[in-house]
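The values are calculated or read from the model by the stated rules, or taken from the named source; none is laboratory data. In this text, all values refer to a predicted model and were calculated from it rather than measured experimentally. Using ideal geometry, Cβ is built from the backbone for each residue, glycine included, and neighbour counts are taken over all protein chains shown. Just the protein is used for accessible areas: all its heavy atoms, side chains included, with ligands, DNA and RNA removed. Shrake-Rupley method; radii C 1.70, N 1.55, O 1.52, S 1.80 Å.
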Amino acid sequence: MHLIHTSDWHLGHHLHGVNREYEHRRFLEWLMNTIEDQRADALLIAGDVFDSANPPAAAQALYYRFLAEARHRFPSLDLVVIGGNHDSASRLDAPKPLLRHFNIHVMGSVARTPQGQLDLDQLLVPLRNGDNDVAAWCAAVPFLRPADLPRMGQTENWLERGVGQVYGEVFAALEQRRQPGQALIATGHAYMTGGELSELSERKIQVGNQHALPVAIFPERASYTALGHLHKAQRVGGRDNVRYSGSPLPLSLDEAGYLHQVLLVSLDGERCREIKPLPVPRAVDIIRIPKGRGDKTLDEVLAELRELPERGADLPPEQYPFLEVTVFLPQPEPGLRKQIEEALADKAVRLLKIRTRYPKPTSTLADTAESIDLAQLEPEEVFARKYRSQFDDEPPKAMRQAFHELLEATLMER
Ligand SMILES: [Mn+2]
């Protein structure tokens, strides 16, 4: 029996203002062919189908077109979709009654009976092999929000205990339902302890009460645990069969070096025989200038930019690589963006981000050792201190004057 595990599609995503629809379309075409090539019996999508709770219609169209085509091409494929923290649970669940008729199992929020009990008939999904026998059971548990958890009172680790209790109940029921020889599959969308974060695209969601959960929540007897949330593919807590598949697309420029993939899981009865990463072809490249290590000044960077390939008829603009430029600035450079854009005027790239580096690491006033009462400082002095912290020098007279003019204009506006 073969499962394909994927997650974190983030349909509707924008990278620094650039729409990702082309890349998503290419990924879904590739995934469809991969299901066929690998003769997959089931597809598990472990949350964050959409990038936002209110995805654009084009993103929803991609999702439904994919489900419809998958059902049409592979009538016996088991499809399981769980909600992630980016998804609106109710939006994902809204078409559930309809999708159920097509044997597509969607679990946006954890299903409960009218009496408030876990709805195990919905949460436990039988997965069938090529002979149409139930070869595995999947505990389709989505991202758990505080409202999904049993009330634990204000104890310190209420989240961990609440999540543990939901999984405990689901697994106990699963054990009762499954026959010997049938594999036990878990899903989840959570941040597990020891996970490696992508620099920008996940860190911002770690605030609030989303603490890391211990891997022990998933019992050792589970044949495989399909996780979503982290964008870098990885195993969890030293257990080979507890995995994040990672996202199929780079969701921040810092993910340029990740090997984006889906996981092909081969089961032999209850045993997980093999977990094989299938790299997702990158439809749009990411270029970072300067290429080598070390800081480069604006002139050096501009020289490298002029070497980039020119636009031509052979490559449509939606396939132009994304470009990130990093410039070392020993002194301020007011025309920075304009000069970079001019160097790129006829180049087949899309400039997404300009990063600047300064002789001294950027610090805030709060970082300095002396304690400053901000109310005691004039705006000009704050500006001068900021300038000194970046360039280790006094701001030039012309710049002080320009700042003063801006300040005056701002005060006039008020
Ligand atoms: Mn997530």
- Item | Gyration tensor (alpha-carbon) shape descriptor, segment 285-357, a/c threshold 1.5 | prolate
- Note on the structure: Among K296/K386; K347/K386; K96/K353; K232/K291; K338/K386; K276/K296, the pairs whose Cα-Cα distance exceeds 31 Å are K347/K386; K96/K353; K276/K296
- Item | Spatial separation of Cα centroids for segment 123-198 and segment 44-85, in angstrom | 20
- Task: Count charges around P317 for me, please; just the other residues with Cβ under 10 Å from its Cβ, Lys/Arg as +1, Asp/Glu as -1.
- Result: +1
- Considering the chain, what Rg and Dmax in Å follow from its alpha-carbon atoms? 25.7, 81
- Enumerate the helices in the chain for which the Kyte-Doolittle hydropathy averages -1.0 or more and the C-alpha atoms extend at least 27 Å along the helix's axis, using complete DSSP H runs. 158-177
- Based on the Cβ-Cβ distance from D295 to D373, what FRET efficiency comes out when R0 is 35 Å, to the nearest 0.05? 0.50
- Task: Find how much the distance from A212 to M32 grows on full extension, using 0.36 nm per residue of separation minus their present alpha carbon separation; answer in nm with one decimal.
- Result: 61.5 nm
- Query: Taking the simple approach of a point 7 Å from Cα along Cα-to-Cβ for both R271 and E220, what is their distance in nm?
  - Reply: 1.7
- Query: 222 nm [θ] for the chain, helices only, -39500 (n - 2.57) per DSSP H run of 4+, per residue, to 500?
  - Reply: -8500 deg cm²/dmol
- Item | the chain, relative contact order in percent, only Cα pairs under 8 angstrom and at least six apart counted | 13
- Item | FRET E, pair E380, K338, Förster distance 22 Å, beta-carbon r, rounded to 0.05 | 0.25
- Take segment 9-73, drop everything but the C-alpha atoms, weight them equally and run the Debye formula without solvent; then report log10 I(q)/I(0) at 0.18 Å⁻¹ to two decimals. -0.68
- Estimate the FRET efficiency between T356 and L278 by the formula 1/(1 + (r/R0)^6), using the beta-carbon distance for r and 41 Å for R0, to the nearest 0.05. 0.60
- Message: Just to be sure I understand the model, the point goes 7 Å from the Cα along the line to the Cβ. What's the resulting N129 to T193 distance in nm?
- Response: 3.7
- Query: So how exposed is K386, as accessible area in Å² (1.4 Å probe, rounded to 10)?
  - Reply: 80
- Task: Starting from the Cα of Q117, step 7 Å along the direction of its Cβ; do the same at L98; then give the gap between the two resulting points in nm.
- Result: 3.1
- Query: With no solvent and one point per C-alpha, what does the Debye sum give as log10 I(q)/I(0) for segment 66-205 at q = 0.10, 0.11 Å⁻¹?
  - Reply: -0.39, -0.47
- Task: Taking every pair of Cα atoms in segment 1-155, average 1/r, invert it to obtain the Kirkwood radius, and report Rg/Rh to two decimals.
- Result: 0.98
